[in-house]
Amino acid sequence: MLTATEIKDHLESALPDGYSVSVTDDGRVRVKTPYKYPDGQLIEVYVKPESYQYVVSDDRNTSKNFTERTGQERLGDEEKFDGDDFTRRLCVDFTLKGEVRGLPTEAADIAETVTDAAAACHAIAAQWARRQ
C-alpha cells in the first residue's frame, strides 16, 4: 500500500498534462483536474489509501455544486440516473449518496481511476446544467 506522498509522486508522473497533485493536511491526495463545473470551479478528485484498497472520490463535490447552483436540497431521480449512466462504462460508480467513487486495489490503477472520476464529474455536471 502506497503512502499519500508515494501516491502523489506516482500520479505526477502518470497523469496527463493539466492535472496538479498535492497532499492535504488530513493525509489525502488532492488532484486538481483540467475540468471545470458549469460555474467555473475546478473539479477536484481525492485519493486516500484505506486498508487493502485506495478510495478515489469527488467527495460529493459534483452533487454539492449542483445543489448549491440550483437551490435544490438533494438530487432527484433524473440526476441519479445521469450519474449511473455516465459512470457505467468507467471504473468508477455513482453512489446513492451522490458521490463519484472508485476503489482500485492496485496502485497501477489509481491514475486511470482518477481520470475516469474527473471525466465522469465533468460529464455529469454538464448534463445537469443542460437540463436547467
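The values are calculated or read from the model by the stated rules, or taken from the named source; none is laboratory data. These numbers were taken from a predicted model, which means no experiment stands behind them. Note: ideal-geometry Cβ built from the backbone for every residue, glycine included; neighbour counts use all protein chains shown. All accessible areas refer to the heavy atoms of the entire protein, side chains included, with ligands and DNA or RNA removed. Shrake-Rupley method; radii C 1.70, N 1.55, O 1.52, S 1.80 Å.
Checked against the criterion of being surrounded by fewer than 19 Cβ atoms within 10 Å (Cβ to Cβ) and of a type in the set (Gly, Ala, Ser), the candidates Gly83, Gly71 yield just one match: Gly71.
Residues in segment 84-101 that are within 16 Å of Val45 (Cα to Cα) and either in contact (Cβ under 8 Å) with a residue 40 or more places away in the chain or in a loop (DSSP other than H, G, I, E, B) (or both): Leu90, Cys91, Val92, Thr95, Gly98, Glu99, Val100, Arg101. Report, by residue number, each residue of segment 37-52 that is surrounded by 14 or more Cβ atoms within 10 Å (Cβ to Cβ) and touching a strand residue (DSSP E or B) at 6+ places or on another chain (Cβ under 7 Å). Result: Tyr37, Ile43, Glu44, Val45, Tyr46, Val47, Lys48. I'm checking my understanding of the structure. Among residues of segment 1-53 that are over 13 Å from the mean Cα position of the chain (by Cα) and among the hydroxyl-bearing types (Ser, Thr, Tyr), which one is farthest from Ile110 (Cα to Cα)? Selected residue: Thr24.
Note on segment 1-19: among residues that are of a type in the set (Gly, Ala, Ser) and either open to solvent by 60 Å² or more (accessible area, probe 1.4 Å) or in a loop (DSSP other than H, G, I, E, B) (or both), the one that is nearest to Ala125 (Cα to Cα) is Gly18.
Going by the conditions given, is Val31 surrounded by 18 or more Cβ atoms within 10 Å (Cβ to Cβ) and modelled with pLDDT of 95 or more? When the stated conditions are applied, Val31 passes them. Checking each residue in segment 108-132 for being in contact (Cβ under 8 Å) with a residue 60 or more places away in the chain, aliphatic (A, V, I, L, M), over 14 Å from Asp39 (Cβ atoms) and out of contact with any helix residue (DSSP H, G or I) (no Cβ under 6 Å at 6 or more places or on another chain) picks out Ile110, Val114, Ala117, Ala118, Ala119.
Does segment 51-63 contain at least one residue that is touching a helix residue (DSSP H, G or I) at 6+ places or on another chain (Cβ under 6 Å), among the hydroxyl-bearing types (Ser, Thr, Tyr) and either at pLDDT 95 or above or within 15 Å of Ala117 (Cα to Cα) (or both)? Yes, some residue in segment 51-63 is touching a helix residue (DSSP H, G or I) at 6+ places or on another chain (Cβ under 6 Å), among the hydroxyl-bearing types (Ser, Thr, Tyr) and either at pLDDT 95 or above or within 15 Å of Ala117 (Cα to Cα) (or both).
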